[in-house]
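Remarks on the structure that follows.
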Amino acid sequence: MFAKTFLSFAMLAATVVAIPSVNKRATCSGGQTTANEACCVWFDVLDDIQTNLFHDGTCGEEAHEALRLIFHDAIAISPALTAQGQFGGGGADGSIMAHVDVEGAYHANNGLDEIIEAERPFALKHNVSFGDFIQFAGAVGASNCNGGPQIPFFAGRSNDSQAAPDGLVPLPTDDVTTILDRISDAGGFVAVELVWLLISHTVASQHTIDPSVPGAPFDSTPSEFDAQFFVETLLNGTAPTGSTLESANGEALSPIPGEFRLESDSLIARDSRTSCEWQRLISTFSGAVFAFFARLTVMPAFTANPDDMVAKFVQTVQKLSLLGFDQSTLTDCSDVIPTPSGSPAAGVLPAGKSFDDIQAACAATPFPTTISALPGKSLVAFNAGSSVF
């Protein structure tokens, strides 16, 4: 009886071994493995841009600008224009790079010519499309930031594009209704998704709105994906960043010397349609809780909480990156994107600020009164950096 049972198990084991793996991965020439052999080229691109574009994988100006370029290329699509019989743009098709002579002249794209011309040679060298490269470089650049996102990447866009119409990229001088209407037309984005897209501003700065202070960041931690941008945008603004307030170009008063505030960010943080989500993000499981459990061998389930700030950003940027395309026709090469280091940090009150300086705008999700306050005097030092997302 035992012999028969053992024989049955042996036959079963042999049968199981004989079944080919359904998760077999392709091995690339450099030894990397990926779910699809078509993704192998992107490991070569990755090595090249991390060294020669992102300065050995840093979260600097080029990484910030590459992230900005994702938005400016993809959001330039309008089904409403198409329904009127006009060309409404191709979405994330790389047209901003292919037709930089046209789209680069649009006011909303001011300053993007530098990152476009920095990225173009890499796309040509590796024979990948502009649309794919823009999305890939933006995802890689974001992964270089501490606590940053791992944005899914889908390849397979062609270089067949035409210049998108002007007026499809929101401006910092636009009111909230105008911005909401624009992103709704582009991809059905709703109010909370506008807030999630603005998570990009936690690693952003301005370059052209006030050229006298190039690189002035939007928060005090411009190389960190954290909640600091959301905290500091709710502080009462007291002075312009430069010598004069560039209100005509979309600047609002800043709460901290050296920090820049966009008028559109200030309005969105306080608008009834967006303020509750703005304040809720400050309270998500994205800071001290993450840092504590990161030291444990087994991470608790809530670390993948869909309410997490970075998870929301990943979700919304993936949707953005597919505008104008059917995901089923593209190849998922997300496993090429590096895993970011660090954990998203909780927001704190900057030095010299108190809860009296906070202009909370939503009672339903109150501004958290448990966040820490830093001692000393607030002052943001900055270098030449990226422009507005």
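The values are calculated or read from the model by the stated rules, or taken from the named source; none is laboratory data. This is a predicted model, so every value here is computed, not measured. Note that we place each Cβ from the backbone using ideal geometry, even for glycine, and neighbour counts take in every protein chain shown. Accessible surface areas use protein heavy atoms only, side chains included; no ligands, DNA or RNA. Shrake-Rupley method; radii C 1.70, N 1.55, O 1.52, S 1.80 Å.
Multiplying the residue separation of Ala361 and Thr339 by 0.36 nm and removing their Cα-Cα distance gives an extension gain of 4.4 nm.
Residue ranking by accessible heavy-atom surface, 1.4 Å probe, largest first, among Asp113, Asp48 comes out as Asp113, Asp48.
Report the net charge of residues surrounding Pro211, where surrounding means a beta-carbon distance below 14 angstrom and charges are Lys +1, Arg +1, Asp -1, Glu -1. Net of charged neighbours comes to -4. For the pair Asp181 and Ala105, the difference between a 0.36 nm per residue extended length and the Cα-Cα distance amounts to 25.0 nm. The amide H of Leu262, built 1.01 Å from its N in the peptide plane, has Ala252 as neighbours under 5 Å, considering only residues 5 or more places off or on other chains. Residue ranges 126-137, 323-334, 230-241 sort as 126-137, 230-241, 323-334 when ordered by packing (mean number of other C-beta atoms within 10 Å per residue, highest first).
The residues Glu103, Glu61, sorted by heavy-atom accessible surface at 1.4 Å with ligands and nucleic acids left out, run Glu61, Glu103 from largest to smallest. Per-residue surface analysis assigns Leu253 an accessible area of about 70 Å², computed on protein heavy atoms at 1.4 Å probe radius. Computed with every protein chain present, the accessible area of Arg157 is close to 10 Å² [probe 1.4 Å]. Protein heavy-atom accessible surface, 1.4 Å probe, per residue over region 216-257: 31 Å².
Taking label points 7 Å from Cα along the Cα-to-Cβ direction, Gln84 and Glu117 give a separation of 3.4 nm. Near Leu349, the amide H atoms lying under 5 Å from its own belong to Ser372, Ala373, Leu374; only residues 5 or more places off or on other chains count, and H is placed 1.01 Å from N. Each part reduced to its alpha carbon centroid, region 126-155 and region 207-276 end up 26 Å apart. Take the Cβ-Cβ distance between Thr369 and Ser212 as r, set R0 to 51 Å, and report the resulting FRET efficiency rounded to the nearest 0.05. That gives a FRET efficiency of 0.85.
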